[in-house]
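Read-outs throughout are calculated quantities, based only on the coordinates presented, and are distinct from any laboratory measurement. Bear in mind that the values here come from a model prediction, so they are computed numbers and not experimental data. Cβ atoms come from the backbone with ideal geometry, glycine included; neighbour counts cover every protein chain shown.
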Amino acid sequence: MLKAIIVDDEPYCCEALATLMEDFSDVEIAAVCHNAADALVAIQKHSPDLVFLDVEMPKINGFEMLEQLGSVNFHLIFTTSYDKYALKAIRFSAIDYLLKPVDSEELQNAVNKVVNRSQKPVAQQLEILMQKIHAPTTPINRIAMPTMEGLQMIQVDSIISCESDSNYTILHLKDKRKKVVSSTLKEIEELLEDHSFTRVHRCYLVNLNEIEKYLKGEGGYLVMSDGSTIDVSRSKKEVLLKKLLPNRE
């Protein structure tokens, strides 16, 4: 059985989550904490397998609490209200999160991932998370990606293009490798919006720095640095040309 700790400064959120967790026979709530100071003590005392951690807390927020811990030896699921920068940082690190109010089905999926996955957050994930939290508008050049082989840290500038494959995305990398990522192309596009990537087709996102040629046509097509060709849809043509030729009238 997994031991879990709930950390949230709002008692009703703790109660709501604890009530939902009553349906999980394989998870036991070892402690409920309403601030980071108490949570640090509870984590030391109970050595939990899983911590539900609220992002927005007074005095010490969830991210600052993790920094005080140093190492994280438990599975982590953030709980948060919508916050653009916090969510982007969490997504960059590929750590699970739940939006408040917590949905029972999404909770079930998150807990199932913990039950079926032995790997806890690795140091690189937390490093990426903290880099993005401390400099939310500054692009960072490494992203955690859940791939078919497991979680991998990928250099953003090593990606030539991203190709949609239903609920997955195929990353085409400079070293000729392909990585199948368990994220949709739209999710990847949102993560990479601060980098030199643009959507040129409903199925393709490309690295502007890796375009070798644009050949005209109804929408035209691109020749990428790896020799691949990618169609440009008519609806995306003007946006692409403005990015390739910013001074074009």
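Candidates Ala36, Pro101, Ser71 compared by Cα position along the dipole of the chain: farthest toward the positive end lies Ser71, with charges placed on Cβ.
So, in Å, what gap is there between the alpha-carbon centers of the range 139-158 and the range 169-215? If we compute the Cα centre of each part, the gap is 12 Å.
About the centre of its Cα atoms, the range 142-244 shows a dipole size close to 260 debye [charges on the beta carbon of Lys, Arg (+1) and Asp, Glu (-1) only; nearest 20 debye].
Taking the Cα centre of the chain as reference, the dipole from Cβ charges on Lys and Arg (+1) and Asp and Glu (-1) amounts to some 1300 debye. Sorting Asp194, Asp175, Asp26, Asp8 from the fewest to the most surrounding beta carbons within 10 angstrom yields Asp175, Asp26, Asp194, Asp8.
Toward the positive end of the charge dipole of the chain, about the Cα centre and with charges on Cβ (Lys, Arg +1; Asp, Glu -1), which of Leu205, Gln125, Ser25 goes farthest? Positive-most Cα among the choices belongs to Leu205. Which percent of the Cα-Cα distances in the chain go past 34 Å? Of all Cα-Cα pairs in the chain, 27 percent lie more than 34 Å apart.
Sequence-distant contacts, meaning Cα pairs under 8 Å at least 6 residues apart, place the relative contact order of the range 2-134 at 22 percent. Fewest-first ordering of Met1, Met65 by other beta carbons within 10 Å of each residue's beta carbon gives Met1, Met65. Computed from the C-beta positions of Val41 and Asn209 and an R0 of 51 Å, the FRET efficiency is 0.60 to the nearest 0.05. With neighbour counts taken as other beta-carbon atoms within 10 Å, the residues Val239, Val55, Val27 rank, fewest first, as Val239, Val27, Val55. On full extension, the segment bounded by Val122 and Leu244 gains 40.2 nm, given 0.36 nm per residue less the C-alpha separation. Given +1 at the Cβ of Lys and Arg, -1 at the Cβ of Asp and Glu and no other charges, the dipole of the range 2-134 around its Cα centre is 580 debye to the nearest 20.
Placing unit charges on the Cβ atoms of the charged side chains and taking the dipole of the range 86-210 about its Cα centre, the candidate lying farthest along the positive direction among Phe92, Thr184, Ile154 is Ile154.
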